[in-house]
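Below you'll find the structure, written out as structure tokens, and then a few comments.
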Amino acid sequence: MKDLIKLANLPISDEQAKSLESAFSETLEVFKNLTDLDISQTEPTNQVTGQENVLREDKIDEDRMLTQSQALQSAKHTHEGFFVVPRLIDEK
Amino acid sequence: MKNNLHKLTLKKALAQIQSGETTAKKIYADCFSQIEAGNKDLNVFLSTNSPTSMKQFENPETTLQNCPIAVKDNICIENEVTTAASTVLEDYKPAYSATLIDNLKLHGGAVIGKTNLDAWAHGSSTETSQFGRTLNPRNPKYLPGGSSGGSAAAVAADMCTAAIGTETAGSIRQPASWCGVVGLKPTYGRVSRYGVIAMASSTDSPGPITKTVEDAAIMLACLAGHDSKDGTTTNQAVPDYVSLLQKSISGLKIGIMYQDIPGLKIANPYVLAAAKVLESLGAKVELVNALDPKYAVSVYTIVQRAEVSSNLARFDGIRFGNDRSYFGDEARRRILLGTHTLRKGYAEKYYQVAQKTRTLFIEDFSRLFSSYDVLISPTSPSFAEPIGASEDSVMFGELADMLLEPSSIAGLPGISVPCFHDEKTNLYLGLNIMAPAWREDLVLQVAHAYEINTDWNSWRKDNND
Amino acid sequence: MRMKSIQTGTPGEKITMTNQKYQLVCGMEVHAELKTNSKMFCGCKNDPFHAEKPNIYTCPVCLGLPGALPVANKQAIEWTIKLGLALGCKINLFSKFDRKHYFYPDLPKGYQISQYDLPFCYDGKIETELGTVRIHRIHLEEDTGKLLHKTVNGEQVSLIDFNRSSVPLIEIVTEPDITTAAHAAAYGKQLRKILQYLDIANCDMEQGGMRLEANVSLRPVGETELPNYKTEIKNINSFRFLEQAIDFEIDRQAELLANNQIVSQETRGWNSVKQVTYSQRSKEDAEDYRYFPDPDIPPIRFTEEQIAAIRETIPELPSAIATRWQQEYGIEPNMIEQIIVNTTVSRQYDKLFTNAKNEGISVASLLKNILSKKVPSPLEAGAEQTLLQFKELQKTDVVDDTQLIAIVNKVLTENPDISAKYFSGQKQVIGFVMGQILRELPKKSDPAQVREAIITQLEATK
């Protein structure tokens, strides 16, 4: 569970994790019925529309591009046109 | 409000504006009064646009002629707060609008406000909203359903002329059923998802929630169509849904699903009664056997949790919104489960098995649609649940939507229309009508025939239809 | 103590104590940004290195805003296949994009759209002068944003610029066929040339337009099994650093192995100042990318005809050009090496060489003069002008015989030992005399004429 919380990047206390754990196994229990069905000859469905090759031409779409201030408008921390986060690595 | 313009169906409202009998501004004002009177108790809207803030109303040359439309708050509108009912986005103002909002505005829809939902559309009750649950306007001791509970309630409470919701598996049809309104889930890919905050990307389908089936047809025609920004939308032409409504259903073959499923004792008899009505209109009705929807619960839950865990990864508080500590319990549960089912060593057991089983459902529908034009079932096993009910089970939503999950994972269109009204509780049951992909016209046609030949629709009398 | 490898210039021959016991097992992963007009999954301008300001080439898609959806760039896909075909790869006619999940502030969606089990291209090879390197796969993905580590108002922060976010990025993965550090560099250089000839990537290494990664491990000499570990040296931005880093790793790992220590599975970086690799991230933090097919992007299917049409667009590649020039004009490979830049440059030289050959001019001599800058290159001056100037350079004046003989005799008189040396068989003294005489001549003279005059005069004094 700890690994999972880390992998999911969720800031959860140990106590909260414990309460989530029971819900977790309850849900996994439901999935067991899938073993009833024979899927040995079945291909997976990742998309239902059956569409293929939906591609864009290599053109610049100015209409959709945002100005710098629009790009930054919802960020809590910015500096001179950049988004800001606490230092990620120590300078080597 | 002496004109009761808020009670007008969309069709009637458009006719009255057209004839000069009333104006969109007056209709908007009446709906807004309705919000002011009821929203405090019912918590339907998370944000509203007051009539004075509206710039529109002067452009009648459009389909919707500036009628007030409620929009689920997981749909982005440029520079208007869009929260998905989560505190992660409590103050988020998108830099762009969803394509369906552009389409809505192009057709003259006036957004009267953004409606409550289960946070991130995770749920079938609105009880997971981080801004409080919505109450069912038909009976406030009960839930409106969800996740588009706010939009369904807004229609039921006449706080708008029509509304827009989104469905991943039941989120339009189930609250429509519980609130006694009409909810249309289009084929996956019929209405653009661009700008709709993703829940499960492979099944998300925005669609209308309305007072009547005709209103749903009018709204769908405004929202549907290819979008070059959404690669999963179809290139197919959008049929004239409104005129196709008038086609007779005589000779159509209709299959009745799930009469053999235990636990549907409440709803199933009303589906049979509805089948009788359709039969009396010339349709051929038969009971059919279908793959047990309990497997769809597993397939849907696995696929949806996996996609949720992925889709919510972008919420890191850097470019917008608050950080990941703001997620509520339901979102956390789903992220963790989805992360788990995609992990090395587990993906084979969960995600891949689910996607294969999904194919079985698609094949099962192909088989059924080779013999039947449409399929019907209950929308929900029962009436609206009392408030607090969703807290009893972590699988509340999935079980409430069990009958809708097969068609959702197959991407098929479906509509819920009221098929029973309980006088004592003032609550409704819904009839779910499904058709092959891209055949919303058939779904609407059958639903319309059923609606005008029964008395369950609460607006038809008021509007003298 | 680390033993310094001795670079002898002939790869595979450098001798260190450790190298006698262990041999290198190395595969590479190279990332290159494609030079499309627009980004991979949206219509934003793809020009991150020339953007005047941060975050000006973004949109809801490449910023990962809620609700935004990707649509794949057709050109980028076709170029990836073009590269695959150029490297002799097989092409997956049916392919798709997958989501690769990890959290990092420069990755806006919390996943990178990449390709997992169905890359566009697989099973190819690149020939280098130091041996063949098989290509395992080539796939297409999107680049991340760029991080800058700064101190702002006394606070240690990282700044993020998303101009680069979602720029199309190809990843070329080799089999572990690389046997020396020089081999790795040769592979990288050859790959870069091919990318430039295909005109699909600028490969600006300084800016990060091409990034090198080497997976390095060692096994005892004679062993054929792959080692059970590997270290990944990441984000190397020059071929020199690549060689240095691999050589450093060979020695570091050999020493650990020789001391019966375990080489840990990890990602390492190269510190070019200290000339060492350093641990960045332990692989024990089980990387688990939770791949699944991106539901937003329908799969891609090509027909054989479409692949054939892409194949038609492949220009003559560097190795073919080099062979042709060598055979047709007798130019030395090391000279060819210097003018293999891209298709445009090669076309210019081809035009020049053809014209030269038609006029009976030695192409090898012409190229020698271009490389020594005696005549301008056809890129600077155009093929016609280059040829004209070369001919001008070759032009010699017929010197008046009387004047020439007078100077020859003067020099021979001043250097009386020359005659003796010449007649004792040291014919090379003529070269010395020629140098002196040419310097004294007023005009540019034909060396053959001068040489003849010297011999005549020497024979006359016999």
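The values are calculated or read from the model by the stated rules, or taken from the named source; none is laboratory data. Small disclaimer: the values here were computed from a predicted structure and weren't measured. Neighbour counts run over all protein chains shown; Cβ positions are idealised from the backbone, glycine included.
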If only one of B:457, B:432 is part of a loop (DSSP other than H, G, I, E, B) and either under 20 Å from the mean Cα position of the chain (by Cα) or at negative phi (or both), which one is it? B:457
Quick check on segment C:181-201. Is at least one of its residues farther than 26 Å from residue C:118 by Cα, at pLDDT 95 or above, in a strand (DSSP E or B) and of a type outside the set (Ser, Thr, Tyr)? no
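Of the residues B:292, B:260, which is within 14 Å of another protein chain (Cβ to nearest Cβ), free of Cβ contacts under 8 Å to residues at least 40 places away in the same chain and within 30 Å of residue B:352 (Cα to Cα)? Before the answer, list the steps.
Working: B:260 fails: within 14 Å of another protein chain (Cβ to nearest Cβ).
After applying the criteria, what remains is B:292.
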Answer yes or no: is there a residue in segment B:176-184 that is closer than 17 Å to residue B:443 by Cβ and in a loop (DSSP other than H, G, I, E, B). yes
Which residue out of C:391, C:410, C:395, C:374 is in contact with a Lys or Arg (Cβ under 8 Å, 6 or more places away or on another chain) and of a type in the set (Lys, Arg)? C:395
Taking segment B:380-409 and keeping only residues that are closer than 19 Å to residue B:205 by Cα, within 13 Å of chain A (Cβ to nearest Cβ) and not in a helix (DSSP H, G or I), one is left with B:402
Count, please, the residues in segment A:53-92 that happen to be more than 7 Å from every other protein chain (Cβ to nearest Cβ) and among the β-branched types (Val, Ile, Thr). 2
In segment B:58-168, which strands (runs of 3 or more DSSP E) lie fully inside it and hold 2 or more residues that are in contact with an Asp or Glu (Cβ under 7 Å, 6 or more places away or on another chain)? B:110-115, B:162-167
Can you work out which of the residues in segment B:30-57 that are modelled with pLDDT under 95 and assigned to a helix (DSSP H, G or I) is nearest to residue B:83 (Cα to Cα)? B:53
Spans of helices (runs of 4 or more DSSP H) in segment A:1-91 with at least 3 residues of a type in the set (Ser, Thr, Tyr): A:14-30
Report yes if residue C:130 is surrounded by fewer than 20 Cβ atoms within 10 Å (Cβ to Cβ), more than 10 Å from every other protein chain (Cβ to nearest Cβ) and either under 21 Å from the mean Cα position of the chain (by Cα) or of a type in the set (Val, Ile, Thr) (or both), otherwise no. yes
Tell me which residues, restricted to segment B:299-326, are of a type in the set (Phe, Trp, Tyr) and within 13 Å of chain C (Cβ to nearest Cβ). B:315, B:320
Unique match (being more than 7 Å from chain A (Cβ to nearest Cβ) and in contact with a Ser or Thr (Cβ under 6 Å, 6 or more places away or on another chain)) among B:330, B:348, B:363: B:330
Answer residue from segment C:245-304, given it is in a loop (DSSP other than H, G, I, E, B), in contact with a helix residue (DSSP H, G or I) (Cβ under 8 Å, 6 or more places away or on another chain) and at the interface with another protein chain (Cβ under 9 Å from one of its Cβ atoms) and is surrounded by the fewest Cβ atoms within 10 Å (Cβ to Cβ) among those: C:286
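Just to verify a result, which residue in segment B:333-342, among those that are more than 7 Å from chain A (Cβ to nearest Cβ) and not polar (S, T, N, Q), is nearest to the chain's Cα centre (by Cα)?
Here is the first cut: in segment B:333-342, the residues more than 7 Å from chain A (Cβ to nearest Cβ) are B:334, B:338, B:341-342.
Then keep just the ones that are not polar (S, T, N, Q); that gives B:334, B:338, B:342.
Numbers: B:334: 21, B:338: 24, B:342: 28 Å.
Filtering first and then ranking leaves B:334.
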Among the residues of segment A:34-48, is any at the interface with another protein chain (Cβ under 7 Å from one of its Cβ atoms), touching a strand residue (DSSP E or B) at 6+ places or on another chain (Cβ under 9 Å) and not polar (S, T, N, Q)? yes
Within the bounds of segment B:97-117, is there any residue that is within 14 Å of chain A (Cβ to nearest Cβ) and in contact with a strand residue (DSSP E or B) (Cβ under 8 Å, 6 or more places away or on another chain)? yes
Sole residue being surrounded by fewer than 17 Cβ atoms within 10 Å (Cβ to Cβ), closer than 30 Å to residue C:151 by Cβ and modelled with pLDDT of 95 or more, chosen from A:57, A:52, A:80, A:62: A:80
Residues of segment B:277-316 being of a type in the set (Lys, Arg) and surrounded by fewer than 24 Cβ atoms within 10 Å (Cβ to Cβ), which ones? B:284, B:294, B:314
Determine whether residue B:231 is crowded, with 24+ Cβ neighbours inside 10 Å, in a loop (DSSP other than H, G, I, E, B) and free of Cβ contacts under 8 Å to residues at least 12 places away in the same chain. yes
Determine if segment B:205-213 includes at least one residue that is more than 26 Å from residue B:111 (Cβ to Cβ), part of a loop (DSSP other than H, G, I, E, B) and not acidic (Asp, Glu). no
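Results for (1) closer than 16 Å to residue C:29 by Cα; (2) out of contact with any Lys or Arg (no Cβ under 7 Å at 6 or more places or on another chain); (3) among the basic types (Lys, Arg), shown as yes or no for each residue.
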| position | (1), (2), (3) |
| --- | --- |
| C:221 | no, no, no |
| C:227 | no, no, no |
| C:238 | yes, yes, no |
| C:252 | no, no, yes |
| C:265 | no, no, no |
Please state which of the following conditions residue B:81 fails to meet, knowing it meets all the rest: (1) within 22 Å of the chain's Cα centre (by Cα); (2) buried (at least 20 other Cβ atoms within 10 Å of the Cβ); (3) not hydroxyl-bearing (Ser, Thr, Tyr). (2)
Lone unmet requirement of (1) away from chain B (no Cβ under 14 Å); (2) buried (at least 24 other Cβ atoms within 10 Å of the Cβ); (3) closer than 29 Å to residue A:74 by Cβ; (4) among the hydrophobic types (A, V, I, L, M, F, W, C) for residue C:69: (1)
Qualifying residue in segment B:243-264 (condition: part of a helix (DSSP H, G or I), over 30 Å from residue C:145 (Cβ atoms), within 23 Å of the chain's Cα centre (by Cα) and modelled with pLDDT of 95 or more): yes
Sort through C:118, C:107 and tell me the only one that's in a loop (DSSP other than H, G, I, E, B), within 29 Å of residue B:206 (Cβ to Cβ) and modelled with pLDDT of 95 or more. C:107
Inside segment C:349-385, can you point out the residues that are over 15 Å from residue C:331 (Cβ atoms) and among the polar types (S, T, N, Q)? C:355, C:358, C:385
Enumerate the helices (runs of 4 or more DSSP H) found wholly within segment C:346-458, keeping only those where 1 or more residues are under 30 Å from residue C:199 (Cβ atoms) and free of Cβ contacts under 8 Å to residues at least 12 places away in the same chain. C:378-381, C:383-394
